[in-house]
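Written out below as structure tokens is the structure these notes cover.
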Protein chains: 2
Amino acid sequence: MAVAELSTSFTETATCFRSSQLSISSSSYSSRFSHHLRPSFRPLPRTRIPTISCSLTSDQVQIQAESPKGKKECYGVFCLTYDLKAEEETKSWKKLINIAVSGAAGMISNHLLFKIASGEVFGPDQPVALKLLGSERSVQALEGVAMELEDSLFPLLREVSIGTDPYEVFQDAEWALLIGAKPRGPGMERADLLDINGQIFAEQGKALNASASPNVKVIVVGNPCNTNALICMKNAPNIPAKNFHALTRLDENRAKCQLALKAGVFYDQVSNMTIWGNHSTTQVPDFLNARIRGLPVKEVIKDHKWLEEEFTEKVQKRGGVLIQKWGRSSAASTAVSIVDAIKSLIIPTAEGDWFSSGVYTNGNPYGIAEDIVFSMPCRSKGDGDYELVKDVIFDDYLLKRIKKSEAELLAEKRCVAHLTGEGIGFCDLPEDTMLPGEMSSRKDIFATSRSLLRQSREPQPLPVTLVHHHPVILLRLVPSEHLGLPPGMINLGR
Amino acid sequence: MAVAELSTSFTETATCFRSSQLSISSSSYSSRFSHHLRPSFRPLPRTRIPTISCSLTSDQVQIQAESPKGKKECYGVFCLTYDLKAEEETKSWKKLINIAVSGAAGMISNHLLFKIASGEVFGPDQPVALKLLGSERSVQALEGVAMELEDSLFPLLREVSIGTDPYEVFQDAEWALLIGAKPRGPGMERADLLDINGQIFAEQGKALNASASPNVKVIVVGNPCNTNALICMKNAPNIPAKNFHALTRLDENRAKCQLALKAGVFYDQVSNMTIWGNHSTTQVPDFLNARIRGLPVKEVIKDHKWLEEEFTEKVQKRGGVLIQKWGRSSAASTAVSIVDAIKSLIIPTAEGDWFSSGVYTNGNPYGIAEDIVFSMPCRSKGDGDYELVKDVIFDDYLLKRIKKSEAELLAEKRCVAHLTGEGIGFCDLPEDTMLPGEMSSRKDIFATSRSLLRQSREPQPLPVTLVHHHPVILLRLVPSEHLGLPPGMINLGR
């Protein structure tokens, strides 16, 4: 087996990378956005505390081109400041929270951002600031998103800012929803994707470490999300490892629905659903611990052959079937599952129930290998934190499959060691385990990949870890299986 | 001026049309959906009252192909029935309401349906049934939408049904949100669009009249929405004329935001915003009656030249600017404005405030011509009904512009007389008044036009009113002005 070994000087370059990124970003902004400045309306006199950003129309921009007083977070958008405490309706509200979203011009974000802005996610007394991360090519699209948010008149949405530099966009973020990732192009190996997206998440991890709130909660959606979350976490040593999540909630939701369908009950009757492992075809939807109307699944669904042989595949193939029918990937339901994932952390978990999230394995009570990001059952007190559930049971069938997903994640981890500070990228991924449906229509790809093209297309100072654009060589032992998708299909999102 | 005159026997054909449509539709369904039947799960014993529909996977469909017991509203989806009253959590809920949405496979609907299903629109104790209308070509896409709704596990969403026959889909509908409309293709005149979409809305009006709840509330979004709403209403004589709305709420929202930007206040400080007239470039955003922080706009914004010369254009061009930036039409903010429009009818209007809606002019207190659908200021007690606001003021500037929009709507009405039962289609539309931004990306067009292609492409028995495919000839007196959009752009949605 041919293996490429690339040693890197990881820790030494982090600081240097950060400062060079910052300066590059600032200078490119000042030239690119020099015409995007604060317009000359006369605000009514009042205390200035939070910020509202509204999008500029072209003539307003021109009028203001001579007086560059724009604040960084308001470039390209209309900025107002005002006092929430001055209004009767708003003075009982909580303190504004900053929510950063990457891939903000893509379809998943287009659903998610409006849910957050409406108050549906964080509640009716929680004002929000949205910080949208995109690429230089997507800046116009981000402005369009900001305009639509503005036209929606959401009372709780008190700031919208857009940017292409994660160090700026992640500033003081209390939530980072990392949706943007490069989709897998035709002929691209999973190892290529691990490397390319890994570089993005390494950079974003560094940016979070440097700029975000020290207790920022990070939900990684861009694939391969478990290993991307691990890379991000490893590059953000100042942020608690527990704060990083890889999204497996859509898998959990799909699993609940499939069990409900089989049992002939409404989906709200299915509880205690765990997705174990990787967000890939090695994922393990757990029908041993799940319950239907409070009873073990196996007592309700007597067709155990279906549970063992068809159920998991149904969950995994859902995205592929959806693309065949709908013609694009599941943006809306993915956004819903991100909302579910956030709410699971800010609302106490129902008594006796739990939810799944890809989280760091250190200290887990299940004997799963340490130092990977693995989907496991969690409970939360609603404080943003979680604890792993202890009272779960295992049988040989479940353990065997968990071990397979664990082995895959350990292999993925070896494959991105050059991005996690462990020195050597060593790829040995025997199968193509991308979920069918992990692709996107051309439009989706265009919108979200724009967010990422800067990293790969534009010359910029890079740390040692990023200089090697494709540092990993994969020897594929088994031909790729796309599980029902035609050859050449590309992946993105859920 | 060349004018085509086409007399039709309107009232005589309505009944015949309805029954032939129904039979055609049923037979095409039974052959097309013969493989989409009820699967053989064993439901837990319980009372069956409402219906839940979930989508079938292909193997389940095949298993069930031999036992055709599927209910009409469940074809192509998995159907369960159960008892809301049997569950502690749900027994205090309101009675299920039926909400029909046309153009359900399009982007606006993709945002709207998930908002309705989440409970954001009708409240946390209002279970909903979604009835999705599409074309035969969009059935697969509609199934994809149903699958995503299912995967979202919305507790309040208790039924999803899909169909291509408005007579079936509108059955017992208490709300009909008519989003689907044929987009204007390159070179297509506004008169062509009035005719082609008018035929669709004539058919849907007949279907509502025959099938929907007698007090169904209808919101027409597909353009040209005012005249489409008029056509729909005229074809549904059993439904109160007051129940028909043409959506001008996005215009209202945009107008509020532009006034807020100019005044330097947050948009929630702008109230009493009326859009008068047609959803076209003759629309009149009313800055005479609107208020900022409770004060007349002209007292807050001293730049009256801006109000008179720039404000209206800013509102109208917003959609066009958005498309230039974002690359597609404003689906998300349009969906938000539809939600706003619904909520304005089911939540009492705030004291002293009002909202805009395109409604029937008969009995209006403003001297606007009767028998058209004109956007005017409304208030509601939250009972689904509204009353027109009496305490508004007019000046010459406002009146003159209202008269222009009124003249346009009267001309549009003459142009579609063959579809409203008034016998003669007579088109004399001097200007192209489509709003810039009334177009769609190719993807949007594909998704939403699929819903409408059946009418124009497939042979089917038609009533006399529909036999003439292009019964109206337009002599254009003034070249079309696309107000900043490149030639050949096509229109859809907002």
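A few comments on the model shown:
- Residue within segment A:110-123 that is touching a strand residue (DSSP E or B) at 6+ places or on another chain (Cβ under 7 Å), open to solvent by 10 Å² or more (accessible area, probe 1.4 Å) and not hydroxyl-bearing (S, T, Y) present: yes
- Residue match in segment B:159-166 (condition: surrounded by fewer than 24 Cβ atoms within 10 Å (Cβ to Cβ) and part of a strand (DSSP E or B)): yes
Residue-by-condition table, conditions (1) surrounded by fewer than 21 Cβ atoms within 10 Å (Cβ to Cβ); (2) at pLDDT 95 or above:
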site	(1), (2)
A:S380	yes, yes
A:D391	yes, no
A:L399	yes, yes
A:E412	no, yes
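- Qualifying position, being at positive phi, in contact with a Ser or Thr (Cβ under 6 Å, 6 or more places away or on another chain) and modelled with pLDDT of 95 or more, among A:G103, A:G119: A:G103
- Scope segment A:124-158; condition within 18 Å of A:T90 (Cα to Cα), facing chain B (nearest Cβ under 9 Å) and not in a loop (DSSP other than H, G, I, E, B); matching residues: A:R158
- Against the test of being at pLDDT 95 or above, out of contact with any Pro (no Cβ under 7 Å at 6 or more places or on another chain) and of a type in the set (A, V, I, L, M), the options B:L112, B:L142 yield a single qualifying residue, B:L112.
- Annotation note: Cβ proximity below 6 Å between a residue of segment B:352-369 that is touching a residue at least 24 places away in the same chain (Cβ under 8 Å) and a residue that is of a type in the set (D, E, K, R) and surrounded by fewer than 21 Cβ atoms within 10 Å (Cβ to Cβ) (sequence gap 6+ or interchain) occurs for B:W354/B:R379; B:N362/B:E370; B:P365/B:K390.
- Looking across segment B:98-123, the residues that are closer than 19 Å to B:V221 by Cβ, within 13 Å of another protein chain (Cβ to nearest Cβ) and in a loop (DSSP other than H, G, I, E, B) come down to B:A104, B:A105, B:G106, B:E120, B:V121.
- The set of residues in segment B:319-329 that are facing chain A (nearest Cβ under 7 Å) and in contact (Cβ under 8 Å) with a residue 40 or more places away in the chain comprises B:V321, B:L322, B:G327.
- Any chance B:Q62 is modelled with pLDDT of 80 or more and either of a type in the set (S, T, N, Q) or part of a loop (DSSP other than H, G, I, E, B) (or both): no
- Some residue of segment B:401-410 being more than 21 Å from the chain's Cα centre (by Cα), small (G, A, S), open to solvent by 20 Å² or more (accessible area, probe 1.4 Å) and at pLDDT 95 or above: yes
- Any chance A:I231 is touching a Gly at 6+ places or on another chain (Cβ under 6 Å), under 23 Å from A:G123 (Cα atoms) and hydrophobic (A, V, I, L, M, F, W, C): no
- Residue in segment B:290-301 that is under 18 Å from B:I179 (Cα atoms), more than 10 Å from chain A (Cβ to nearest Cβ), touching a strand residue (DSSP E or B) at 6+ places or on another chain (Cβ under 9 Å) and not polar (S, T, N, Q) present: no
- For B:K95, the conditions (1) open to solvent by 10 Å² or more (accessible area, probe 1.4 Å); (2) more than 20 Å from B:V220 (Cβ to Cβ); (3) of a type outside the set (G, A, S); (4) within 12 Å of chain A (Cβ to nearest Cβ) are fulfilled apart from (4).
- Segment B:327-350: number of residues that are open to solvent by 30 Å² or more (accessible area, probe 1.4 Å), closer than 18 Å to B:K256 by Cα and assigned to a loop (DSSP other than H, G, I, E, B): 1
- Count - residues of segment B:244-286 that are of a type outside the set (A, V, I, L, M), free of Cβ contacts under 8 Å to residues at least 40 places away in the same chain and either facing chain A (nearest Cβ under 10 Å) or open to solvent by 10 Å² or more (accessible area, probe 1.4 Å) (or both): 7
- Any hit, segment A:180-199, residues being more than 21 Å from A:V220 (Cα to Cα), within 14 Å of chain B (Cβ to nearest Cβ) and part of a loop (DSSP other than H, G, I, E, B): no
The values are calculated or read from the model by the stated rules, or taken from the named source; none is laboratory data. None of these values were measured; they are calculated from a predicted model. Glycine also receives a Cβ, built like all others from the backbone with ideal geometry; neighbour counts cover every protein chain displayed. Heads up: the accessible areas ignore ligands, DNA and RNA and are worked out on the full protein's heavy atoms, side chains in. Shrake-Rupley method; radii C 1.70, N 1.55, O 1.52, S 1.80 Å.
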